[in-house]
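Inspection log for the structure reproduced underneath, given as structure tokens.
The values are calculated or read from the model by the stated rules, or taken from the named source; none is laboratory data. Owing to the predicted nature of the structure, the values given are computational and were not obtained by experimental measurement. Backbone-built Cβ (ideal geometry, glycine too); neighbour counts: all protein chains shown.
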Amino acid sequence: MGKLVLVRHGQSQWNLENRFTGWVDVPITPLGEVEAHRAGKELKAADIKFDLAFVSELIRANQTLEVILDELGRKDLPVKKDKALNERHYGDLQGLDKAETIKKFGEAQVHIWRRSFDVKPPNGESLKDTADRTLPYFHAEILPLVKGSKNILVSAHGNSLRAIIMDLEKLTPDQIMKVEIGTCRPITYDIGPKGEILSKALSTAA
């Protein structure tokens, strides 16, 4: 049995400003750093002996991981970085204020772009596209380690993590679009040798 811990990055500057971020490389805020310290303390209390960490190429996920590893006293932990774990690319919406985008395109259209599984914003990715990018990497590089009884930490983003959760939990497109993933709220899976979920634990932090 191996453990897979998924962590969405701490609050970013554009989370704070309510902008579509996607692949734009914005850092975490002071609150995001606090959130990352909280996640690190929580994982330290859980006493998980990690073998390897995976992270996207975006700075907000890397900053979050650095803080967590510092809290764990594991700056020596091997880390693999790959754009396959990057956030969903929001195309022409990137950088736009979400409220202003609703005024421009209408609430119904923006809701479809944000919460439909296979409808992509102009020049961007749908969640299906994100899953098509993320899951081959997950199945080739991450899941085999967990099935082989390694403990793996993944620092990534709301939608790349949704893709992984959808696959692991065998959720439908409608089900996964209703899943909310809080910033720096670790999700821990115990995974068996066939890739089956033996147990799931959500963050208990206040």
Some residue of segment 123-137 being under 30 Å from A45 (Cβ atoms), outside any helix (DSSP H, G or I) and of a type outside the set (D, E): no
Members of segment 69-92 found to be farther than 20 Å from V146 by Cα and touching a residue at least 24 places away in the same chain (Cβ under 8 Å), listed by number: D70, E71, G73, K83, N86, E87, R88, H89, Y90, G91, D92
Residues within segment 129-149 that are surrounded by fewer than 17 Cβ atoms within 10 Å (Cβ to Cβ) and not acidic (D, E), tallied: 6
Total residues in segment 138-172, condition in a helix (DSSP H, G or I), more than 17 Å from K83 (Cβ to Cβ) and aliphatic (A, V, I, L, M): 6
Residue within segment 39-49 that is touching a residue at least 60 places away in the same chain (Cβ under 8 Å), charged (D, E, K, R) and buried (at least 21 other Cβ atoms within 10 Å of the Cβ) present: no
Single residue of G124, G22 found to be at negative phi, in contact with a Phe, Trp or Tyr (Cβ under 8 Å, 6 or more places away or on another chain) and buried (at least 16 other Cβ atoms within 10 Å of the Cβ): G124
Hey, K104 surrounded by 13 or more Cβ atoms within 10 Å (Cβ to Cβ) and either over 26 Å from D47 (Cα atoms) or without any contact (Cβ under 8 Å) to a residue 40 or more places away in the chain (or both) or not: no
Of all residues in segment 178-202 being over 14 Å from the mean Cα position of the chain (by Cα) and assigned to a loop (DSSP other than H, G, I, E, B), the one that is modelled with the lowest pLDDT: K178
Test: residue in segment 50-66 that is exposed (fewer than 15 other Cβ atoms within 10 Å of the Cβ) and within 20 Å of N151 (Cβ to Cβ): no
Pairs where the first residue, in segment 133-148, is closer than 13 Å to G192 by Cβ and the second is buried (at least 16 other Cβ atoms within 10 Å of the Cβ) and modelled with pLDDT of 95 or more, C-beta under 6 Å, 6+ apart: V146/G2; V146/L4; V146/I152; V146/I191
Segment 164-182 residues that are over 20 Å from Q11 (Cα atoms), paired with ones that are in a loop (DSSP other than H, G, I, E, B) and among the aromatic types (F, W, Y) (beta carbon under 8 Å, 6 or more apart): P173/F117; D174/F117; I176/F117; M177/F117
Complete set of residues in segment 107-116 that are surrounded by 18 or more Cβ atoms within 10 Å (Cβ to Cβ) and either farther than 25 Å from F138 by Cβ or in contact (Cβ under 8 Å) with a residue 60 or more places away in the chain (or both): V110
